[in-house]
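The structure under discussion appears below in the form of structure tokens.
The values are calculated or read from the model by the stated rules, or taken from the named source; none is laboratory data. Just so we're clear, the structure is a prediction, and the values are computed from it rather than from any experiment. Virtual Cβ from ideal backbone geometry, glycine too; neighbours counted across all protein chains shown. Surface areas here come from the heavy atoms of the whole protein model, side chains and all, with no ligands, DNA or RNA. Shrake-Rupley method; radii C 1.70, N 1.55, O 1.52, S 1.80 Å.
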Amino acid sequence: MKIIVHADAEGAARAGARIVAEVVRRKPNAVLGLATGHTPLELYGELIRMHREEGLDFSRVTTFNLDEYRDLPPGHPASYHAYMEKNLFRHINVPGQNIHIPDGRAEDVPAFCEVFEESIRKAGGVDLQILGVGTNGHIGFNEPSSDFRSRTHLARLTESTRRDNAFAFENSETTPPHAITMGLGTIMDSRSILFLALGERKAQIVADAVEGPVTEMVPASVLQGHPDVTVILDEPAASRLRRVARV
Ligand code: F6R
């Protein structure tokens, strides 16, 4: 794992966006794996700026999102479909037919998950997967005790995740209890991974994921076994790491 620590979230987001941009410039038909949540917002903002001001071209890029809540219509303001549209897709030139986000309303979930996996394979696999991390160590919605080999599936959210995500709903009771998520095995198949964590509230889980034992109780620790992971942190998120080079 390559660990890069920036003084603040803005520097971390810019560094993350530079990595995404390099992949897209080197391989114009790159396949990007995308995350939602607070963490990548500034990174997406920087990609939008690069598209507008530097001509960063997404016209041949294909995207796969990690997850979507079960039973939430794509138009629901808290859906990840709506998030992606608002925070990235409507501002750049990735073609609609190249965008893949799990369908939270799929009738036959196992069949949908197989098709999603097959679409990733047909696209040639994910070149760069962007990841945030939950305070309990989840990546995607792979909660503690998820199988390291899991593929895209329907996952049950823990109470702590529902509390963390309640801001988008009325309260944690109305936060959906299930989501469709890429599995840990799906994520580990990506050729490279950009793991971004910001803020003091992520400090302990970052230390556990990066320096702690590899255990299914900390799903993000699986990344220690991936050959090409760049961890980008701000100072507060890095504050509990013992071995780290700061830029
Ligand atoms: C989002 C996702 C989640 C988030 C994680 C952190 O698509 O897969 O694993 O990355 O919950 O969320 P934030 O960034 O809001 O702290």
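About the Cα centre of segment 118-247, what is the dipole size in debye to 20, counting +1 per Lys and Arg Cβ and -1 per Asp and Glu Cβ, all else neutral? Don't skip to the answer; put the middle values down first.
Numbers: 14 positive and 16 negative charges, 51 e Å.
Using only the charged Cβ atoms, the result is roughly 240 debye.
What is the sum of charges, Lys and Arg at +1 and Asp and Glu at -1, for the other residues whose Cβ falls under 12 Å from the Cβ of residue 185?
Surrounding charge for residue 185 is -1.
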Antiparallel DSSP bridges in the chain: what percent, to the nearest 5? 25 percent
15 Å beta-carbon shell around residue 107, net charge (K/R +1, D/E -1): -3
Which percent of Cα-Cα pairs in segment 26-109 sits in each 5 Å bin, short to long? 3, 14, 24, 27, 17, 9, 4, 1, 0
Which of the trypsin sites (Lys or Arg not before Pro) across segment 1-102 are loop residues per DSSP, with 15 or fewer other Cβ within 10 Å? 60
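Summarise the accessible area of segment 58-140 (1.4 Å probe, protein heavy atoms) by the percent that is carbon and sulfur. Write down the numbers at each step before the final one.
Details: 1740 of 3470 Å².
Carbon plus sulfur share of accessible area: 50 percent.
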Could you tell me which of rounded, prolate or oblate describes segment 60-204, using a ≥ b ≥ c as the square roots of the eigenvalues of the alpha-carbon gyration tensor, with rounded for a/c under 1.5 and, failing that, prolate when a/b is larger than b/c and oblate otherwise? rounded
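Semi-axes of the equivalent ellipsoid for segment 117-180, please: Cα gyration tensor eigenvalues, times 5, square-rooted, ordered largest first, whole Å.
Details: eigenvalues 126, 32, 28 Å².
Each semi-axis is the square root of five times an eigenvalue, giving 25, 13, 12 Å.
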Accessible surface, 1.4 Å probe, highest first, among residues 192, 239: 239, 192
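Apply the Kirkwood formula to the chain: the hydrodynamic radius equals the inverse of the mean of 1/r over all pairs of different alpha-carbon atoms; give it in Å with one decimal. Could the numbers behind the result be given before it?
Details: mean 1/r = 0.0557 Å⁻¹.
Result for the chain stands at 17.9 Å.
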